[in-house]
Amino acid sequence: MPENYLKTNNKFCFYLERMESRGFSAEQVLEDTGLDQSQINSDAFSPTPDQYRAVINNIITLTGDAHIGFKLGDEFKVSNLGVLGYAALSASNLSHSRELFSRYDALVEHILLPATVVTAERWCTELKEIFPLGDLVVFAVEEFVSRTCGLARDLTNKPFPVLEIRVTYPEPEDVEVYRERFDCPIYFDQPRTMILWDVHSQDNRISLANEEVCKLCEKQCKAIIDQMADADLLSSKIRNALVKNPGEFPTLEEMSRRLNMGSRTLRRRLVQENLTYQQILDETRKDLALQYLKHTHLTPKEIGYLLGYNSVSNFRRAFKGWTGNKLTDYRE
């Protein structure tokens with residue numbers, strides 16, 4: 001096992017590496033992000049939504065490939081996941097591996113948040129945008145599906161078929177790219193992005209299964225998660241919880257239950273950070289509202305609904321209070 005197996009490469013490191021193999025420099029890939037390679041290599045690096053969008057745009061523009069997401073997903077390897085990848089690689093079967101990914105999801109960097117439901121007859125993953133991607137959602141979905149299929153094949157040395165794909169974006173001009181890659185029904189312009197996998201594939205054994213190694217790696221995963229939890233500010237945990245559950249803005253009492261603490265404790269700890277729960281809600285809603293206005297074609301009514309408002313007038317008033325401006329000042 002490599003000495004650096006504990007470290008999970010962040011997505012920007014992965015993108016820079018794969019683009020370098022294509023002859024593009026870090027400076028080209030990071031253009032308009034305000035970042036340099038030394039910042040990306042830092043353990044504390046955490047890109048903003050604008051930086052994500054800029055890098056993805058640069059990758060598509062530099063390669064001239066509208067479906068470069070498929071290729072980058074194909075090139076993602078288990079080793080890019082650090083200790084979690086080695087835990088999955090030593091799991092007993094694909095079902096066990098999937099459970100590990102779910103349990104230690106905080107170790108995986110997402111552009112789209114996967115929500116997976118498995119029953120005896122069905123294995124389905126819904127993909128939700130963590131932040132507005134606009135037309136870039138095509139890249140994110142293509143990368144996720146090809147990466148998942150590739151990782152499953154690498155783990156089991158067996159085919160990993162997709163049974164059905166439903167995506168929110170329109171059918172691309174070169175739809176043959178999809179038909180050649182996926183031998184399954186594909187539906188575009190759908191209300192939600194849903195991927196249906198072969199539930200029987202869960203029984204496929206991992207080729208390098210090793211119970212002792214898996215236990216060791218899982219112990220390391222838990223230790224890293226615990227370290228992350230201790231290091232994070234409570235306000236950061238709350239913001240992450242809000243962003244990862246689009247459309248849900250729980251009360252302080254509901255949030256305290258989610259974080260396994262009393263509401264008084266939550267209030268007291270936020271006071272220590274010179275914040276209130278309402279301030280965090282307002283800041284998160286404001287940030288998301290500005291991103292939705294800039295990067296999507298959603299109507300004010302639709303944006304207000306995503307931000308938890310039951311009427312567009314309430315959303316308009318809140319937006320004026322946050323920014324001092326009207327919605328029309330940000331969108332014609």
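Screening segment 153-263 for helices (runs of 4 or more DSSP H) wholly inside it with 3 or more residues that are in contact (Cβ under 8 Å) with a residue 60 or more places away in the chain, under 23 Å from Ser90 (Cβ atoms) and not aliphatic (A, V, I, L, M) returns the ranges 211-231. Residue-level analysis places Leu72 outside the set of residues that are over 28 Å from Leu16 (Cα atoms) and not in a loop (DSSP other than H, G, I, E, B). There is at least one residue in segment 91-100 that is in contact with a Ser or Thr (Cβ under 9 Å, 6 or more places away or on another chain) and not in a helix (DSSP H, G or I). Could you tell me whether Pro132 is in contact with a helix residue (DSSP H, G or I) (Cβ under 6 Å, 6 or more places away or on another chain), modelled with pLDDT under 95 and of a type outside the set (Phe, Trp, Tyr)? Yes.
Determine, yes or no, whether Glu164 is at pLDDT 95 or above, acidic (Asp, Glu) and surrounded by fewer than 21 Cβ atoms within 10 Å (Cβ to Cβ). Lay out the reasoning, then the answer.
Values: at pLDDT 95 or above: yes; acidic (Asp, Glu): yes; surrounded by fewer than 21 Cβ atoms within 10 Å (Cβ to Cβ): yes.
Spelling it out, Glu164 is indeed at pLDDT 95 or above, acidic (Asp, Glu) and surrounded by fewer than 21 Cβ atoms within 10 Å (Cβ to Cβ).
If only one of Ile280, Ile303 is in contact with a Phe, Trp or Tyr (Cβ under 8 Å, 6 or more places away or on another chain) and either within 30 Å of Leu136 (Cα to Cα) or in contact (Cβ under 8 Å) with a residue 60 or more places away in the chain (or both), which one is it? Lay out the reasoning, then the answer.
On the way: Ile280 fails: in contact with a Phe, Trp or Tyr (Cβ under 8 Å, 6 or more places away or on another chain).
Every option except Ile303 fails the conditions.
Does Pro159 satisfy the condition of being touching a helix residue (DSSP H, G or I) at 6+ places or on another chain (Cβ under 7 Å), on the phi < 0 side of the Ramachandran plot and exposed (fewer than 15 other Cβ atoms within 10 Å of the Cβ)?
Working: touching a helix residue (DSSP H, G or I) at 6+ places or on another chain (Cβ under 7 Å): yes; on the phi < 0 side of the Ramachandran plot: yes; exposed (fewer than 15 other Cβ atoms within 10 Å of the Cβ): yes.
Considered against the rule, which asks whether it is touching a helix residue (DSSP H, G or I) at 6+ places or on another chain (Cβ under 7 Å), on the phi < 0 side of the Ramachandran plot and exposed (fewer than 15 other Cβ atoms within 10 Å of the Cβ), Pro159 comes out as yes.
Quick check, is Lys320 outside the structural domain of Val137 (by TED's automatic domain parsing), under 27 Å from the mean Cα position of the chain (by Cα) and loosely packed, with under 15 Cβ neighbours inside 10 Å?
Details: outside the structural domain of Val137 (by TED's automatic domain parsing): yes; under 27 Å from the mean Cα position of the chain (by Cα): no; loosely packed, with under 15 Cβ neighbours inside 10 Å: yes.
When the stated conditions are applied, Lys320 does not pass them.
Any residue in segment 39-48 that is touching an Asp or Glu at 6+ places or on another chain (Cβ under 8 Å) and small (Gly, Ala, Ser)?
Just the residues of segment 39-48 that are touching an Asp or Glu at 6+ places or on another chain (Cβ under 8 Å), to begin with: none.
Within segment 39-48, not a single residue is touching an Asp or Glu at 6+ places or on another chain (Cβ under 8 Å) and small (Gly, Ala, Ser).
The values are calculated or read from the model by the stated rules, or taken from the named source; none is laboratory data. Computed from a prediction, not measured in an experiment: that's the story for all the values here. Every residue, glycine as well, gets a Cβ built from its backbone with ideal geometry; the counts of neighbours run over all protein chains shown.
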